[in-house]
Amino acid sequence: MTELARKVCMLGDFGVGKTSLVSRFVRNTFSDKYLTTVGVKVDSKHVALPDARTVKLVVWDIAGKSALDALNLNYLRGATGLMLVADGTREASLRATLNLLMQARDVLDDPAVVLVVNKLDLVERWQVAPATIAELRRTLPVVETSAQSGDGVEAAFAELARKLAA
Amino acid sequence: MGDYQRLKELLLGDERAELDRQRERLAELARDVEHDRAGLPRELPRLLREAQRGDGRDKLVDALSAPVASALGTAVREQRQTIVDALFPIIGPAIRKAIVEALRDFSDGFNRALESSLTPRGLKWRFEAWRTGVPYAQVVLKNTLSFRLDHLFLIERDSGLVIARESAPEVADLDADAISGMLTAIGDFVRDSVGGDAPGSLASATVGEHLLWVVEGPRANLAVFLRGVPPAQLRLVLQERLEQIHALLPEAPADGAVTLPGLREALDLDRLRHAAALDPHAPPKKTRPWPLVLVALAIGGALAWWLVNDWLWARHLHDAEKALRAWPGVHVDGIDGSRRGAVVVRGLIDPLAESPRAALAQLLPPDTSLAFEWRGYVSTDPALVARRARQLLAPPEGVRVAFADGRLALRGVAPAAWVAAARERAAWIPGVAVLDLDALHAAEDPSAAQEAELDAVGEALRELKVEFVRETEAADPAPLEAMRAQALRALELAAMLGYDVRFTCHGYNDAPGGDVLNRALRERRAEWLCAELARRGVPADRLSRGDSVADAAEAPTIALRAASLRLERARSADGK
Ligand SMILES: Nc1nc2c(ncn2[C@@H]2O[C@H](COP(=O)(O)OP(=O)(O)O)[C@@H](O)[C@H]2O)c(=O)[nH]1
Ligand SMILES: [Mg+2]
């Protein structure tokens, strides 16, 4: 049996919760220390697809920056999926994330993308308007999540896995 | 695509529209310039061909050599990867060939340097080299370097995803994808942080005995987790495997893990190990017979000398062991004589036992070092139990201590206090199962002296025997006389003490003769003794013929032509 494996990169501004989302989602193979030392941490997890197949997501978490430099572009090589992460409480983080997507699309050939708007547990403080999210949904799958409570995390990765296996 | 366009507009709006306008204008300008030169590319090949006519070729080469060289230089500097990728299939084997040559030179030198070494290990390896036809230097390398392959990952270069993997069966499983992802990331990280745009990447990392090797190819890398000291050969083998694998890999990027025919074989850990241990490029070595014959003779001589010595040593050890096993109060767990000339004895020793050191030293070669590792224990060896009884009971003169078959017998006369104490203590002596104090008498007892004398008479009778020249012809009448005197004295004492005393006559024979004949002879000798004693005044009703089958414990000690008398006593029925 050949196993389906896909490289997925977490993209998003600093502090939006990428690392927290990954920690929620996978069992940690490496300590988070790698993030600060190497600038990247890789974990993996099997995700069941609706049709009973499974896909292995190999998730690369990149130390957050709002722009991709040469170093980070290297990390994107070979990725077929992108998990964009924005912080609902900071409108600017959404713009930064979409900018990262534009840059990434220069190096990646039509990646599968899911946008996550994180920190749903602080929804009363959200700057990102529901209308904006509705508008974005016409282009991208958008999942509202909370890495803190775990809401939506599985769903976001499941959606990405589904798009990757399609 | 349209969706992304809309996204961009959402983000950039006006700026984007302006940008598009500028881009359009630039394109227009470029189109104008292009137009004039549009014909050139079409004409260029023809022009170049024409330029080579006559001496044109030399001129063209002159003109182009400098710029082509610079272009190549620039390409190597700026697009090194492309060039390396293009040259990879050529460079790999070329470099390997050079390395193999260099290694062979090295191992030849090494060989010569080791040629004269005649240590036992050297000889063993030399024998192995001779037997297998593998150069000696390689046998040395193989034996001095030992390593094991734990994991081998074939990693897609760009994504860091695992295409295939092999792990040794007994090592813990790893999250191969996460690890190879990290490896790729760390490789990139190292290259980015130290190398700038230099080619190459992480090639090896070491933590203690754990070793990571990464062998890079244009589309896939091999990462190997090893332990120990791998031979340099292994890297070449891996490089070769990676080239084979590249030939197998499909052009399209691999879709996660794939199964490729031949891939498993290329990655098989045992094969890799084996391949690394042998140098496939070395031609079989021609063996020179003369040095070999000499070496074989030397080995043969040494072997014979060694075997003889070994055999002698083994015999000494065997003797020593036999002596030790028979030594009273010692229990031997093991004798270690693996190093010739030194013996270590491990075991148990009773504190009352004598040290076997002197006896062993006599059995072993003169300079043998002898060491004991003793732990104390209480021995039930009869000699030790008797010694222990003597030590604990401190018998006064006149008391004899005998121990056999778990029975401790005390005989003689002693002060009543000592007798009482002995009666109490003797049963506690380790190794004593049965206590026989019938023949122990308190000195204060008025009949003690007579009791002791009766015991002594019994003992004396046991010592006496009449020997026969043949049949029932006595050699010497004196023992018969002594027997008679003792028997009569026993009857007197028994009468005083109120015992009922009887005597049994036993006959013995020496070894030759059939069973039936010998049995008859024993009976006749016993009857003869009874008759002789009766004739000399011992009451006939007290004499009887004993069992003709000499009892097993005595037969071997008195296995000769003889007869003897035994005294048996019991309290007489009137119980005086
Ligand atoms: N309240 C809340 N805090 C979050 C959530 N996700 C992340 N954080 C916090 O946001 C901060 C940055 O998170 P981190 O995962 O390091 O962000 P990264 O830089 O994108 O990797 C941390 O203090 C997290 O505890 C969430 O869903 N809710
Ligand atoms: Mg982080």
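Of the strands (runs of 3 or more DSSP E) lying entirely inside region B:437-534, the ones with 2 or more residues being aliphatic (A, V, I, L, M) and assigned by TED's automatic domain parsing to the domain that holds B:Arg569 are found at B:466-470.
Taking first residues from region A:92-103 that are at the interface with chain B (Cβ under 9 Å from one of its Cβ atoms) and partners that are among the hydrophobic types (A, V, I, L, M, F, W, C) and surrounded by fewer than 18 Cβ atoms within 10 Å (Cβ to Cβ), the Cβ contacts under 9 Å between residues at least 6 apart in sequence or on separate chains come to A:Arg95/B:Leu11; A:Leu98/B:Leu10; A:Leu98/B:Leu11; A:Asn99/A:Ala67; A:Asn99/B:Leu11; A:Leu101/A:Leu140; A:Met102/B:Leu11.
Going through (1) within 28 Å of B:Pro415 (Cβ to Cβ); (2) touching a residue at least 12 places away in the same chain (Cβ under 8 Å); (3) of a type outside the set (Phe, Trp, Tyr) one by one, B:Ala482 falls short only on (1). Within region A:84-120, the residues that satisfy the criterion of being farther than 11 Å from A:Asp13 by Cα and within 11 Å of ligand 1 (Cβ to nearest atom) are A:Gly88, A:Thr89, A:Val116, A:Val117, A:Asn118, A:Lys119, A:Leu120. Checking B:Asp319, B:Asp350 one by one, the residue that is open to solvent by less than 30 Å² (accessible area, probe 1.4 Å) and charged (D, E, K, R) is B:Asp350 and no other. The condition of being in contact with a helix residue (DSSP H, G or I) (Cβ under 6 Å, 6 or more places away or on another chain) and farther than 18 Å from B:Asp438 by Cα holds for B:Thr472.
Applying the criterion of being more than 12 Å from the chain's Cα centre (by Cα) and under 13 Å from A:Val85 (Cα atoms) to the residues of region A:99-127, the residue that is surrounded by the most Cβ atoms within 10 Å (Cβ to Cβ) is A:Lys119. Within region A:106-157, the residues that satisfy the criterion of being of a type in the set (Asp, Glu) and outside any loop (DSSP other than H, G, I, E, B) are A:Asp106, A:Asp121, A:Glu124, A:Glu135, A:Glu144, A:Glu154.
Selection over region A:130-166 of residues that are under 12 Å from A:Val117 (Cβ atoms), open to solvent by 40 Å² or more (accessible area, probe 1.4 Å) and more than 13 Å from chain B (Cβ to nearest Cβ) gives a count of 3. Evaluated against (1) at pLDDT below 75; (2) open to solvent by 40 Å² or more (accessible area, probe 1.4 Å); (3) not assigned by TED's automatic domain parsing to the domain that holds B:Leu234, B:Phe127 falls short on exactly one condition, (1). Within region A:22-45, the only residue that satisfies the criterion of being at the interface with another protein chain (Cβ under 9 Å from one of its Cβ atoms), modelled with pLDDT under 70 and open to solvent by less than 30 Å² (accessible area, probe 1.4 Å) is A:Val38. The set of residues from region A:73-91 being in contact with a Cys (Cβ under 9 Å, 6 or more places away or on another chain) and within 10 Å of chain B (Cβ to nearest Cβ) comprises A:Tyr75, A:Leu76, A:Ala79. If you filter region A:46-58 down to residues that are within 11 Å of chain B (Cβ to nearest Cβ) and in contact (Cβ under 8 Å) with a residue 60 or more places away in the chain, you find that the one that is surrounded by the most Cβ atoms within 10 Å (Cβ to Cβ) is A:Leu57.
How about region A:1-21: which of its residues are near ligand 1 (Cβ under 6 Å from one of its atoms) and either surrounded by fewer than 24 Cβ atoms within 10 Å (Cβ to Cβ) or part of a loop (DSSP other than H, G, I, E, B) (or both)? Result: A:Phe14, A:Gly15, A:Val16, A:Gly17, A:Thr19, A:Ser20.
The values are calculated or read from the model by the stated rules, or taken from the named source; none is laboratory data. Just so it is clear, the structure is predicted and the values come from calculations on it, not from any experiment. Using ideal geometry, Cβ is built from the backbone for each residue, glycine included, and neighbour counts are taken over all protein chains shown. In case anyone asks, the SASA skips ligands and DNA or RNA and just uses the protein heavy atoms, side chains included. Shrake-Rupley method; radii C 1.70, N 1.55, O 1.52, S 1.80 Å.
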